[in-house]
Protein chains: 2
Amino acid sequence: MTTAPPAPAALRERAARLDADDPLASLRERFLLPPGVVYLDGNSLGPLPAAVPPALSDVVTRQWGTDLIGSWNTNGWWQAPLRVGDAIGGLIGAAPGQTVAGDSTSVQLFTALDAAAALRPDRPLLVTDPGHFPTDRYLADAVARRRDLEVRRVPPAALADLLAAEGHRVAVVSYSPVDFRTGELYDMRALTRAAHAAGALALWDLCHAAGALPLDVDTLGVDLAVGCGYKFLSGGPGAPAFLYVARRHHAELETPLPGWTGHADPFGMGGDYTPAPGIARARIGTPPVLSLLALEAALTAFDGVDLAQVRAKSLSLTGFFLRCAQELLIPEGFSTVTPTDPDRRGSQVTLRHPHAHGLTVALARRGVIADMRAPDLVRFGVNALYTTHQDLLEAALSLRDITHEAAYDPTPPAVGPVT
Amino acid sequence: MTTAPPAPAALRERAARLDADDPLASLRERFLLPPGVVYLDGNSLGPLPAAVPPALSDVVTRQWGTDLIGSWNTNGWWQAPLRVGDAIGGLIGAAPGQTVAGDSTSVQLFTALDAAAALRPDRPLLVTDPGHFPTDRYLADAVARRRDLEVRRVPPAALADLLAAEGHRVAVVSYSPVDFRTGELYDMRALTRAAHAAGALALWDLCHAAGALPLDVDTLGVDLAVGCGYKFLSGGPGAPAFLYVARRHHAELETPLPGWTGHADPFGMGGDYTPAPGIARARIGTPPVLSLLALEAALTAFDGVDLAQVRAKSLSLTGFFLRCAQELLIPEGFSTVTPTDPDRRGSQVTLRHPHAHGLTVALARRGVIADMRAPDLVRFGVNALYTTHQDLLEAALSLRDITHEAAYDPTPPAVGPVT
């Protein structure tokens, strides 16, 4: 073990000044962050918002325990998927009545992909990103097999070429605005326009974007979107996901799973399925109310928050971390894979190192929680609602110190355990 | 308003004696029932088990709040769908490794129906019950449309005739052992055998049976089963459902929604979907952990409980209620639709009355919670873990008294609000 050099004083001063000038600093109190921990994995599981424990305790003890079945009406459980959907809608630029929450991201994505294909019945191609999150790719393949369509895995940078050649055959372009590995941010506006110019629909997976930056699904004319509740929305482990469908598609929207809660007359229990008007037809079965209402409470952490300010601070945080990496980590054998151009950067910084797994484990032992993506990427997610510049300097210093130690296990894992 | 006659002393004495002799009486302490309430709607939403609040508080505060992302490993979140599945498996006669919990009943049912059809690819008929719960019918229709199959809605009593005529064309018979309206119990063994004799698969919806009576899915050779977590299992509002697939089908099981958590190497995040071995391939997306672990805690109410004793007490309860109905309610214009034969009775009693809605509302005002099914059925669900004979006598007396009042609203609702 060698002695690590001291932290550059300039970085310390800069972190302290940026934090002192942060207009969002007080939002950190809306989260119950464990002491002594620098949490940079909120892009995988957001931390516990302070509003959740009392809200959930009320849901369990009073609503379920005392009010029992009546809570479906008196405590608003029945409307919760639409109410929570609208709350998330407010964070993604969706006017009310177009967003529903309740099932997992995978289920919502299956619904969105299948419904999108049904809206463009004469077009045989589904376009998705070869670097897309696995579920997105698997479900696109499943929908394609089922509908006798073909999936084209084309990265966003190559979409224009594909559309020029075969645009008239594309039913839907299904992308994420943020690459979950690298943190690269794509141009949602341009890609949506390109899809539309070819007559295709634009379906966005907002898992790594919702709550992290301003989104304008209505203004951009996005057709469908999904996203999960447990990353930047901090809704809790496996929090229900959301599905947005633009109002202009509601009348012809056919969902693949017509569950009873999406029926026009759910308690009439009639013989055949008649879809409810509006986005309510995208409801499926009885939603997991405890998880759903925990998510609803978590969303109050955004009350009064300007997402433009969130974005500005997020860029300040990731920019500062990139500077820390440049000064402290590049010399130690790391490289950065996240774009330095702010317009192309989501709310995370990813570093490449051959010992990514061992370093991530060693970081966690020091109380710095990041995560890794096989084989060689370490991801640092920032959430402007609670992350500080000093958190990031501490993470960079810890990482530098660890590379000077022999104590970490450089072996990559057989199976990575984090999600 | 007229004065109701006093309760027959014989009924009071009998209820007291049956409760005093009840070997399961102490199980009631495992539930936090609100004082002054007779809760007979546990077949729609089970009451709050005492084990849930402390368990869920630990999940939220320590596991999520403090252990954060690491809980997927250190607190066993990743294995929870299989662990909870096995716990439910123990209540339905399924050996470990065949049951998974995580999504809603509707999603699990879609999975089961679609996977069953795929296991019998050359057979064009799906058989379901015209009186089946709406979601079961809607999803059978959806799977049939998608796979170009045909749904035959045939009640259990007519299954033999259908199979005699077209058995070789039937892919799957999808029934519930308990009619959710009338409480009639069908013969799972005979119906499963009949399906198998025709070369079809047997898929059972156990929503109204799991936890209420002994089930033997392995012994009966059931092929697939689903059921919800929030009725007799008391897992909380919208608790995750379960899916059982007999081990002999696992190797060829193809699920319609191949989400990343069902992948053989979920953290490898490979390009194509390779299903996990065993029932794990029926996992879809990230499950709602708070709801799932509340269900897991709720299931401890069954620790050490003999389901044969549960069944015996359930029949004692429903038999006693039928006697109360005979003496107190039939003279007031009610009729019973639940079979008096114990072998044909699930764990509920349903009464018919033209003012079912108004009576149910008036009962609730008196602290007796039942529910109604349009247009004229009042349902009384019993759960042998907490229901007493005296509860049922009180319900019958309240109902009789209400019919002597003019205070209840005899108008049926435009939309029934309870689930």
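The values are calculated or read from the model by the stated rules, or taken from the named source; none is laboratory data. Just so it is clear, the model here is predicted, and its values are computed rather than measured. In this analysis, Cβ positions are derived from the backbone assuming ideal geometry, glycine residues included, and neighbour counts consider all displayed protein chains. These area figures cover heavy atoms from the full protein model, side chains too; ligands, DNA and RNA do not enter into them. Shrake-Rupley method; radii C 1.70, N 1.55, O 1.52, S 1.80 Å.
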Could you list, in sequence order, all residues of segment A:26-57 that are open to solvent by 50 Å² or more (accessible area, probe 1.4 Å) and more than 11 Å from chain B (Cβ to nearest Cβ)? A:Ser26, A:Arg28, A:Glu29, A:Arg30
Answer yes or no as to whether A:Asp41 is in contact with a Lys or Arg (Cβ under 9 Å, 6 or more places away or on another chain), in a loop (DSSP other than H, G, I, E, B) and in the same structural domain as A:Val349 (by TED's automatic domain parsing). no
Scan A:Ala117, A:Ala87, A:Ala95, A:Ala158 and give me the residue that is within 14 Å of chain B (Cβ to nearest Cβ) and either in a helix (DSSP H, G or I) or within 26 Å of A:Asp218 (Cβ to Cβ) (or both). A:Ala117
What about B:Leu385, is it at pLDDT 95 or above and open to solvent by 10 Å² or more (accessible area, probe 1.4 Å)? no
Across segment A:63-81, which residue is nearest to the chain's Cα centre (by Cα) among those that are open to solvent by 30 Å² or more (accessible area, probe 1.4 Å) and at the interface with chain B (Cβ under 10 Å from one of its Cβ atoms)? A:Trp78
Name the one entry in A:Leu315, A:Leu295 that is hydrophobic (A, V, I, L, M, F, W, C), open to solvent by 10 Å² or more (accessible area, probe 1.4 Å) and under 23 Å from the mean Cα position of the chain (by Cα). A:Leu315
Quick one: is A:Ile279 at pLDDT 95 or above, more than 13 Å from chain B (Cβ to nearest Cβ) and surrounded by 23 or more Cβ atoms within 10 Å (Cβ to Cβ)? yes
Taking segment B:15-38 and keeping residues of a type in the set (Asp, Glu) and either under 17 Å from B:Asp371 (Cβ atoms) or not in a loop (DSSP other than H, G, I, E, B) (or both) leaves B:Asp19, B:Glu29
With the structure loaded, tell me whether A:Phe302 is open to solvent by less than 40 Å² (accessible area, probe 1.4 Å) and closer than 18 Å to A:Glu394 by Cα or whether it fails that test. no
Given the condition part of a helix (DSSP H, G or I), over 11 Å from B:Leu293 (Cα atoms) and among the small types (Gly, Ala, Ser), answer yes or no: does some residue in segment B:73-82 qualify? no
Only one of (1) hydrophobic (A, V, I, L, M, F, W, C); (2) more than 23 Å from B:Cys207 (Cβ to Cβ); (3) out of contact with any Ser or Thr (no Cβ under 7 Å at 6 or more places or on another chain) fails for B:Leu363. Which number is that? (3)
Take A:Leu18 and decide whether it is at pLDDT 95 or above, crowded, with 18+ Cβ neighbours inside 10 Å and either out of contact with any Leu (no Cβ under 6 Å at 6 or more places or on another chain) or of a type in the set (Lys, Arg) (or both). yes
Looking only at segment B:121-148, count how many residues are surrounded by fewer than 19 Cβ atoms within 10 Å (Cβ to Cβ) and more than 13 Å from chain A (Cβ to nearest Cβ). 3
Given the conditions (1) at pLDDT 95 or above; (2) part of a loop (DSSP other than H, G, I, E, B); (3) hydroxyl-bearing (Ser, Thr, Tyr), every one holds for B:Thr3 apart from (1)
